[in-house]
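This report refers to the structure that appears directly beneath it.
The values are calculated or read from the model by the stated rules, or taken from the named source; none is laboratory data. Just so it is clear, the model here is predicted, and its values are computed rather than measured. Virtual Cβ from ideal backbone geometry, glycine too; neighbours counted across all protein chains shown.
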Protein chains: 2
Amino acid sequence: MTVGRPREFDETEVLERAMQLFWTRGYEGTRLAELLTAMQISRQSLYDTFGNKRSLFLRTIEHYRATQLTHALALLERDGSPLENVKAALGFFQDLAADDRCRGCLVANALVEVAPHDPEIAELLGDTLDLLQGGLQLALERAQAKGELAGDKSPRGLAQALTNSMLGLAVNGKLRRGPAALREIYDGTLVMLD
Amino acid sequence: MTVGRPREFDETEVLERAMQLFWTRGYEGTRLAELLTAMQISRQSLYDTFGNKRSLFLRTIEHYRATQLTHALALLERDGSPLENVKAALGFFQDLAADDRCRGCLVANALVEVAPHDPEIAELLGDTLDLLQGGLQLALERAQAKGELAGDKSPRGLAQALTNSMLGLAVNGKLRRGPAALREIYDGTLVMLD
């Protein structure tokens, strides 16, 4: 392989592999050599395409938004019962927490590990939470309009509290809590919507 | 200073300093040299008294339990209204999230960073969450007995959901969310208890 001459590769596929590694190992815990092995590209290709480790990490958070978060938001925008859609979105995070790889959520992980000392990443992560909260709020407003949610509840306040609970589930996912405990968290949280 | 001859120091005070550093910088992000500077003890004293970096970290989690967690549990055990006590405990985590050092909570930080690859630390952290959840459940049972909480609610399920929300607040504390957003999370979460 000629150094300096990028191999041909699918950028999205390579980003997906980097994302999986950062998600599992964290930012500091992921070494450049491991990234190169996982991404199956040369060091030069990585630098040419993604810049340094930090800028690659930023790109993987954007990729996570475009895949995982988009999936959760799509649940909220389905036809049918908006309230059931909100429950499904919470269920999405319950499933994340039940994953036996104990990876939690890349956004929550990066919030804990990287955000406090990196304002640019903190802004991207805060913006990602706002997207989720905005989707929840719209669904709760639709639920209220349909009479599925009591008129005296605040869709905005509940969306904030639910987003916060989803972050909590992401952290609980770092332990092997077992399906019964996760189900109790899910059921207890949904009492907000009664 | 003679190597191998421990200086005299207050173990709790020294643990407190190590805890503050781990809390702010994380486990991997804290270097041994920084620990020695913060703890103001020699390398030999650290090894003699606390073992290696990992066993020191375990001791700081125990110290965190004995200080921060004990403070939250004490709020739950005060005389007066058990329901107000539960609200005060949630307020304790709201204050933690509002801290402009963006440190979050040592337990949540360690859950994200260390638990997935260290079963002993994971068990200690899970046990710490169980203590908090147990305290919340007892307070909610007392609230129910006093008629402050509806009889059809599950103190256990709500305690699980509230503990999860407290973890969420700890993660939100890594961002500068601002008091208004944190207040919305607090209010929205308490809707569970209505």
Inset, instruction - Exactly one condition in (1) more than 21 Å from B:Leu158 (Cβ to Cβ); (2) exposed (fewer than 15 other Cβ atoms within 10 Å of the Cβ); (3) within 14 Å of chain A (Cβ to nearest Cβ); (4) without any contact (Cβ under 8 Å) to a residue 40 or more places away in the chain is not met by B:Arg101; state its number. - result: (4)
Legend entry - Filtered residues of the range A:113-124 (kept if under 26 Å from A:Leu75 (Cβ atoms) and buried (at least 22 other Cβ atoms within 10 Å of the Cβ)): A:Ala115
Inset, instruction - Answer yes if at least one residue in the range A:159-173 is crowded, with 17+ Cβ neighbours inside 10 Å, of a type in the set (A, V, I, L, M), more than 30 Å from A:Glu28 (Cβ to Cβ) and without any contact (Cβ under 8 Å) to a residue 40 or more places away in the chain, and no otherwise. - result: yes
Inset, instruction - Would you check which residues across the range B:67-103 are farther than 16 Å from B:Tyr186 by Cα and in contact with a Gly (Cβ under 6 Å, 6 or more places away or on another chain) and list them? - result: B:Leu73, B:Leu76
Legend entry - Verdict on B:Arg25 being touching a helix residue (DSSP H, G or I) at 6+ places or on another chain (Cβ under 8 Å), crowded, with 18+ Cβ neighbours inside 10 Å, within 14 Å of chain A (Cβ to nearest Cβ) and not aliphatic (A, V, I, L, M): yes
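Scan the range B:139-158 residue by residue and report those that are in a helix (DSSP H, G or I) and surrounded by fewer than 17 Cβ atoms within 10 Å (Cβ to Cβ).
B:Glu141, B:Ala145, B:Arg156 - these are the residues of the range B:139-158 that are in a helix (DSSP H, G or I) and surrounded by fewer than 17 Cβ atoms within 10 Å (Cβ to Cβ).
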Legend entry - Matching residues in the range A:167-194 - criterion: being more than 7 Å from chain B (Cβ to nearest Cβ) and either assigned to a helix (DSSP H, G or I) or among the basic types (Lys, Arg) (or both): A:Ala170, A:Arg176, A:Arg177, A:Pro179, A:Ala180, A:Leu182, A:Arg183, A:Tyr186, A:Leu190, A:Leu193
Legend entry - Checklist (1) over 21 Å from B:Thr128 (Cβ atoms); (2) over 15 Å from the mean Cα position of the chain (by Cα); (3) in a helix (DSSP H, G or I); (4) of a type in the set (Gly, Ala, Ser) applied to A:Gly135, failing item: (2)
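Looking at the structure I just gave you, is A:Ser81 small (Gly, Ala, Ser) and buried (at least 20 other Cβ atoms within 10 Å of the Cβ)? Steps first, answer last, please.
Details: small (Gly, Ala, Ser): yes; buried (at least 20 other Cβ atoms within 10 Å of the Cβ): no.
No: the conditions fail for A:Ser81.
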Inset, instruction - Would you mind telling me which numbered condition in (1) of a type in the set (D, E, K, R); (2) in contact with a helix residue (DSSP H, G or I) (Cβ under 7 Å, 6 or more places away or on another chain); (3) at pLDDT 95 or above B:Glu62 fails? - result: (2)
Inset, instruction - Could you check, for the range A:123-138, whether at least one of its residues is free of Cβ contacts under 8 Å to residues at least 24 places away in the same chain, within 7 Å of chain B (Cβ to nearest Cβ) and charged (D, E, K, R)? - result: no
Inset, instruction - Quick one: in the range B:28-48, of everything that is farther than 14 Å from B:Val114 by Cα and of a type in the set (S, T, N, Q), which residue is surrounded by the most Cβ atoms within 10 Å (Cβ to Cβ)? - result: B:Ser45
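Criterion first (at positive phi, of a type outside the set (Ser, Thr, Tyr) and surrounded by fewer than 20 Cβ atoms within 10 Å (Cβ to Cβ)) does B:Gly51 satisfy it? Please lay out each step first, then the result.
Numbers: at positive phi: yes; of a type outside the set (Ser, Thr, Tyr): yes; surrounded by fewer than 20 Cβ atoms within 10 Å (Cβ to Cβ): yes.
It is true that B:Gly51 is at positive phi, of a type outside the set (Ser, Thr, Tyr) and surrounded by fewer than 20 Cβ atoms within 10 Å (Cβ to Cβ).
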Legend entry - A:Leu149 vs. criteria more than 9 Å from chain B (Cβ to nearest Cβ), more than 23 Å from B:Thr163 (Cβ to Cβ), under 14 Å from the mean Cα position of the chain (by Cα) and touching a residue at least 24 places away in the same chain (Cβ under 8 Å): no
